[in-house]
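Report on one structure; see the data block that follows.
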Amino acid sequence: MTEPNNLDTLLKENRTFEPSAAFIAQATVTDESVYQSASEDPQAYWAQQASYLSWSKPFSTILEWDPPHAKWFSDGVLNVAYNTVDRHRENGRKNKAAIIWEGEPGDSKILTYDMLGREVDKAAHMLIHLGVKKGDRVVIYLPMIPELPISMLACAKIGAIHTVVFGGFSASSLKDRIIDADARLLITADAGFRRGGIVPLKQNVDQAIIDTPIEKVVVVQRVGADAHSTMIDGRDLLWHKLIETMPKTPFAPEPMHAEDTLFILYTSGTTGKPKGIVHSSAGYLVGANTSMRTVFDIKDDDVFWCTADIGWITGHTYLVYGPLSAGATVVMYEGAPDAPDRHRFWNIIEKYGVSIFYTAPTSIRTFMKWGHDIPQSHDLSTLRLMGTVGEPINPEAWMWYHEHIGHGRCPIVDTWWQTETGCAMIAPLPGLIKTKPGSATKAVPGIAVDVVDDNGTPVTPGHGGNLVITKPWPSMLRTVWGDDERFRKTYFGQFSGMYFPGDGAHLDEEKYIWILGRIDDVMNVSGHRIGTMEVESALVDHPAVAEAAVIGRAHDVKGQAITAFVTVRDGVKTSPELMTELKNHVVVKIGAMARPEEILFTAELPKTRSAKIMRRLLRDIAEGRALGDTTTLADPSVVDSLKLQYQDKE
Ligand code: WTA
């Protein structure tokens, strides 16, 4: 298998794929002029898209842009839960499946829009009963069970701000987020199932909430007797017991101003402290809803499966808000792709007749490794469209997906976007745009992107540079929670008036965009964003460590793998045991997804004379490349000894 993207492979890629006549014949968007008209008048385009939502008070202004702050539809009033659930109960979809849930151990549940609505209403009553008010933050730390979207939608219904923390985060990461969001209520489960094992969520919560403002913990019983969690009287409440006592009456949706915050979602940046990305109610939902129709070509009889965990933005937008706002049927799967065996995903597609499948390149590369005979033994003929997200897809994985999963029939939408952008920004409209393996193609209508050099000047086709978004869009982040200065600096500090996402990109002769990956100190490990500084802080938190430098090196399945270079304190002896201990320390501080693949002990780190760690050199060493310029190093011999050590390791 080849490595994930590098520019050489991409520049050699010249295969193109036109959408089939059969796909075009049924596609929602087939008129190419939408690109032109949306770019001439993006506000008119977005206002028209906003009309797909139900407003309790229509908006009269579309955009107020005071860079870097945008307000969209600001005098409009709506409720996001009404738009994602209740209106479908009123418009003929009452008995349509909203969520088809499949548990890892094999249990399953189907919630129609009507059933989902009743569950959300009970949960909304419960939140009010627990004293949650409009604008309060509620932390949700749940496995992939129906109570997760139900809790989010209940927050939306009462106007509370949810902040979902991915169940793979450790107690320590959870604690940081609780404190930053200043939340008083937390919703969790006794434990979750993962690959046959048990994830002790409640135990993590017990640790995490010490010295935080959390007053009450609602606990969903998912695992039961094996979960080993202790309930604390007066603080911990069982979801199922509490919910039974709630009124069965409908809960009236809280009227929300367009710009009221819907949720905060934490993501990694270039410093050790994750950022709370703030999303609005209306703008976010307009973005999510629009992309369901344009990029995902959603129809009433589709079964849409996004394999992401709801703890990440992909799950927020394409498992909850996007598909439900469109009245679609979504599949939600609790567990791992190899539980109980490697047929699980294809069994799910067969069982529910999934028609649109959306996953990450790292998963595709894993399936490639497992062999195409596995999907081949299943009937995947219900699929009609497929997507990828989270990291650049290497052309080889794209082709495998196209041939072995899509059987050459299904267009592939490679969607580039971020926690901050709210919805897909660069992606083909599948009935209109010819695709190229490895390219996310072009910005979607209404989104203005460019590739610029380091001075902010647009590059000409055939060149690479920094990806930027040049105009505001409805689902853009509004700020960083509690730190507007960081918002300004991080995203708008680089190129004046333009949003800088941190990715590099190449523009080809046909102006197709080829995303090259992060150019800042953020890694992308199996589609998860992890800051190098976060891992470094976790390492230096260990008493044996003096200094640490972390890089993401190319990895054929994960995209990137974490390599840490560590110097120990005087008197500490390095050993394989210490290495394992340090890896585990990172897991305890952040979570399993941040475990370093390898740790190299070194007497010194390569630094410039101004004491800056030269990560580029470390990456060259870890990827076995010829070293670039080392003349700026304070002590060039450091690199030689590291190189030797790395070779020894292999
Ligand atoms: C990367 C996930 C190439 C990119 C939705 C971005 C991609 C980061 C793609 C955001 C793609 C996401 N092609 N790279 N199709 N999609 N990325 O916030 O580096 O978890 O900046 O959002 O993932 O990660 P996040």
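Quick check: from the Cα gyration tensor, does region 397-456 come out rounded (a/c under 1.5), prolate or oblate?
The shape class here is prolate.
Stretched out fully, how many nm does the piece from residue 343 to residue 270 gain, at 0.36 nm a residue minus the Cα gap? Walk me through the numbers on the way to the answer.
Working: separation 73, 0.36 × 73 = 26.28 nm, distance 3.79 nm.
Between residue 343 and residue 270, full extension yields an extra 22.5 nm.
Compute the accessible area per residue over region 377-432, keeping the other protein chains in place, probe 1.4 Å, unit Å².
Per-residue accessible area for region 377-432 comes out at 21 Å².
Assign one of three labels to region 219-366, namely rounded, prolate or oblate, based on the Cα gyration tensor with a ≥ b ≥ c the square roots of its eigenvalues; rounded applies when a/c is under 1.5, prolate when it is not and a/b is larger than b/c, and oblate otherwise. Could you put the intermediate results ahead of the total?
Details: a/c = 1.37, a/b = 1.11, b/c = 1.24.
Rounded, because the longest to shortest axis ratio a/c is under 1.5.
Pairwise over distinct Cα atoms, reciprocal of the mean inverse distance: report the Kirkwood radius of region 88-173 in Å, one decimal place.
Every distinct Cα pair counted, the radius reaches 14.0 Å.
Enter the per residue convex hull volume of region 326-452, computed from alpha-carbon coordinates, in Å³ rounded to the nearest integer.
Per-residue hull volume (Cα only) is 128 Å³.
At what distance in nm do the modelled label points of residue 94 and residue 15 sit from each other, each positioned 7 Å from its Cα along Cα→Cβ?
4.9
Probe radius 1.4 Å, ligands and nucleic acids ignored: give me the carbon and sulfur share of the accessible area of region 145-185 as a rounded percent.
50
Of the accessible area of region 250-378, with the probe set at 1.4 angstrom, what percent is carbon plus sulfur?
After summing per-atom areas, the C and S share lands at 52 percent.
If eta is 1.306 mPa s and T is 10 °C, what Stokes-Einstein diffusion coefficient results for region 166-229, Kirkwood Rh from Cα pairs, in µm²/s?
134
How large are Rg and Dmax for the chain when calculated on the C-alpha trace, in angstrom?
In Å, with Rg to one decimal and Dmax whole: 24.2, 74.
Wrap a convex hull around the Cα atoms of region 138-244, take a quarter of its surface area, and give that in square nanometres.
6.5
How much of the DSSP bridge set in the chain is antiparallel, in percent, rounded to the nearest 5?
Here the share of antiparallel DSSP bridges comes out near 60 percent.
7 Å from Cα along Cα→Cβ at both residue 635 and residue 28: what's the point-to-point distance in nm?
6.1
Please list log₁₀ I(q)/I(0) at q = 0.21, 0.24 Å⁻¹ for region 500-563, using the Debye equation with identical point scatterers on the alpha-carbon positions.
Per q value, in the given order, log10 I(q)/I(0) is -0.88, -1.01.
Before anything else, pin down the relative contact order of region 136-287: Cα pairs under 8 Å, at least 6 apart, normalised by residue count, whole percent.
Result for region 136-287 is 23 percent.
Once amide H atoms are built 1.01 Å from N in the peptide plane, which residues 5 or more positions from residue 418, or in another chain, come under 5 Å H to H?
Answer set, sorted by chain and number: 423.
Step through the residues of region 502-512 one at a time and calculate ³J(HN,Hα) from phi using the Karplus curve (6.51 cos²θ - 1.76 cosθ + 1.60, θ = phi - 60°), rounding each to whole Hz and writing x for Gly and Pro.
Whole-Hz 3J(HN,Hα) from phi for region 502-512: x, 9, x, 8, 10, 10, 8, 4, 8, 6, 6.
At 0.36 nm per residue, and after removing the present C-alpha to C-alpha distance, how many nm does the segment from residue 379 to residue 245 gain when stretched out fully?
Details: separation 134, 0.36 × 134 = 48.24 nm, distance 4.47 nm.
Value of the extension gain: 43.8 nm.
222 nm [θ] for the chain, helices only, -39500 (n - 2.57) per DSSP H run of 4+, per residue, to 500?
One gets -8000 deg cm²/dmol as the mean residue ellipticity at 222 nm.
Using R₀ = 45 Å, calculate the FRET efficiency as 1/(1 + (r/R₀)^6) where r is the Cβ-Cβ separation of residue 65 and residue 350; round to 0.05.
About 0.40, to the nearest 0.05.
Over region 93-160, with the other protein chains present, what is the accessible area per residue in square angstrom, probe 1.4 angstrom?
On a per-residue basis, region 93-160 sits at 28 Å².
Which peptide among 419-431, 216-228 comes first, and what is the full order, when sorted by highest mean count of other Cβ atoms within 10 Å? Working shown, then result.
On the way: 419-431: 26.1, 216-228: 17.4.
Highest mean packing first, the order is 419-431, 216-228.
On the accessible surface of region 432-589, probed at 1.4 Å, how many percent belong to carbon and sulfur atoms?
49
Calculate one ³J(HN,Hα) per residue across region 556-563 by plugging θ = phi - 60° into the Karplus curve 6.51 cos²θ - 1.76 cosθ + 1.60, and present them in order as whole Hz with x for glycine and proline.
6, 10, 7, x, 10, 10, 8, 10
Assuming R0 = 45 Å, what is the FRET efficiency of residue 52 and residue 610, from their Cβ-Cβ distance, to the nearest 0.05?
The value I calculate is 0.25.
Calculate the FRET efficiency for residue 179 and residue 520 from the Cβ-Cβ distance with a Förster distance of 30 Å, rounded to the nearest 0.05.
0.75
Considering only protein heavy atoms, what per residue accessible area in square angstrom results for region 437-514 with a 1.4 angstrom probe?
Heavy-atom accessible area per residue stands at 37 Å².
Please state the charge dipole magnitude for the chain, taken about the Cα centre, from unit charges on C-beta atoms (+1 on K and R, -1 on D and E), reported in debye and rounded to the nearest 20.
Dipole of the chain, to the nearest 20 debye: 900 debye.
The values are calculated or read from the model by the stated rules, or taken from the named source; none is laboratory data. Not measured: the values here are computed from a predicted model. When we count neighbours, we look across all protein chains shown, and the Cβ atoms used for this are built from the backbone with ideal geometry, even at glycine. Protein only, heavy atoms only, side chains kept; ligands, DNA and RNA dropped before computing areas. Shrake-Rupley method; radii C 1.70, N 1.55, O 1.52, S 1.80 Å.
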